[in-house]
Amino acid sequence: MTSSQNVVKPTAVPSERRRRSIKVLMQPTKAVDSGWSWIVCMASFTTNFILLGTFGSFGVLYVQLLELYGGSNHTDICSSKNSTTSVSGQTAWIGNQATLLTFSLGPLSAALVVRWGVRPVVTAGAVLFSAGMFLTATTNEIWQATLTYGVIGGLGGSMIYTPTVGSLPAYFQERKAFAISFAQSGRFLGNVVLVPIFTMIRDSYGWRSQCIFMGSIGLLVLIMGLLYRPRHLQPDVTKPSVKDIIVGLCRSQRHIRFSVWLWAVTLHFFQIFLVLFHLVRNVFCIYFGFCY
């Protein structure tokens, strides 16, 4: 036997295999631009409709929460007293925290997707989101609503939104731009449709029933998450650990342009929802003279 026959081919270094695993995870199990791709697109549209439509409609819930935490005297709540301002700000922070966690925890949600796949992460996020809404219906203090709606709902929202947006391009090639635009339009349609529905439920049955309804429609996201086909790795590709993914995400912050774009987008979404939270209150106060 010659010496050339004894040479063992070098194996791929771990970092190389981890990069390959991430690439494989983002490949769909079926052909792109197929019928199932459009089913996934509709699932993404419905998810954005429910999730971001609910968070964007927080102004409807804010009205009742402010009355509950600040008292029933609307004149006092509209005054410039420090205690009143504090209650108003703390109540608004409930919805702000939910949207802040939804977008700021995107890197963590992406790491979970790479490790376990889109379907488990989205379904788990739907359970957390619905649980947060259901638990909010039982709250009587600001800190309780901040924990249930803001933390639990926001964490679930992050586990829903990031995989939904990040995995959709893998199902399309020729009509990728149209599919992404259509799916993202669900968030704005959700704001238009869900606000009057939530208002009607709140006025007829109370804000606690509104929270129960939000949790119920949140369970539809669980069904949408099941429509994402799981990713299958090739036999010679290993999954990266969560630690490796987080380290890689931290290193990506060294790129100045990417970091500026990332945080600019995060603050952009944060200020959009901040305006929506106070929109209902200001409209009633300015145009109808009913301040709360």
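When Gln184, Gln144, Gln173 are checked against the criterion of being surrounded by fewer than 18 Cβ atoms within 10 Å (Cβ to Cβ) and modelled with pLDDT under 85, a single residue qualifies: Gln173. Only residues that are open to solvent by less than 20 Å² (accessible area, probe 1.4 Å), at pLDDT 90 or above and not hydrophobic (A, V, I, L, M, F, W, C) were counted across region 187-224, and they come to 3.
Has region 213-227 got any residue that is over 15 Å from the mean Cα position of the chain (by Cα), touching a residue at least 60 places away in the same chain (Cβ under 8 Å) and outside any helix (DSSP H, G or I)? Within region 213-227, one or more residues are over 15 Å from the mean Cα position of the chain (by Cα), touching a residue at least 60 places away in the same chain (Cβ under 8 Å) and outside any helix (DSSP H, G or I).
Picking from residues in region 27-44 that are touching a Ser or Thr at 6+ places or on another chain (Cβ under 9 Å) and closer than 11 Å to Leu168 by Cβ, the one that is modelled with the lowest pLDDT is Pro28.
Residue-wise test of (1) open to solvent by less than 10 Å² (accessible area, probe 1.4 Å); (2) at pLDDT 85 or above; (3) in a helix (DSSP H, G or I).
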site: Tyr69; (1), (2), (3): no, no, yes
site: Gly125; (1), (2), (3): yes, yes, yes
site: Leu128; (1), (2), (3): no, yes, yes
site: Gly132; (1), (2), (3): yes, yes, yes
site: Leu135; (1), (2), (3): no, yes, yes
site: Gly153; (1), (2), (3): yes, yes, yes
site: Ile160; (1), (2), (3): yes, yes, yes
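The values are calculated or read from the model by the stated rules, or taken from the named source; none is laboratory data. This structure is a prediction, so every number in the text was calculated from the model and none was measured. Glycine gets a Cβ as well: all are built from the backbone with ideal geometry, and neighbour counts include every protein chain shown. Each accessible area value is taken on the protein alone, full model and side chains, heavy atoms only, with ligands, DNA and RNA left out. Shrake-Rupley method; radii C 1.70, N 1.55, O 1.52, S 1.80 Å.
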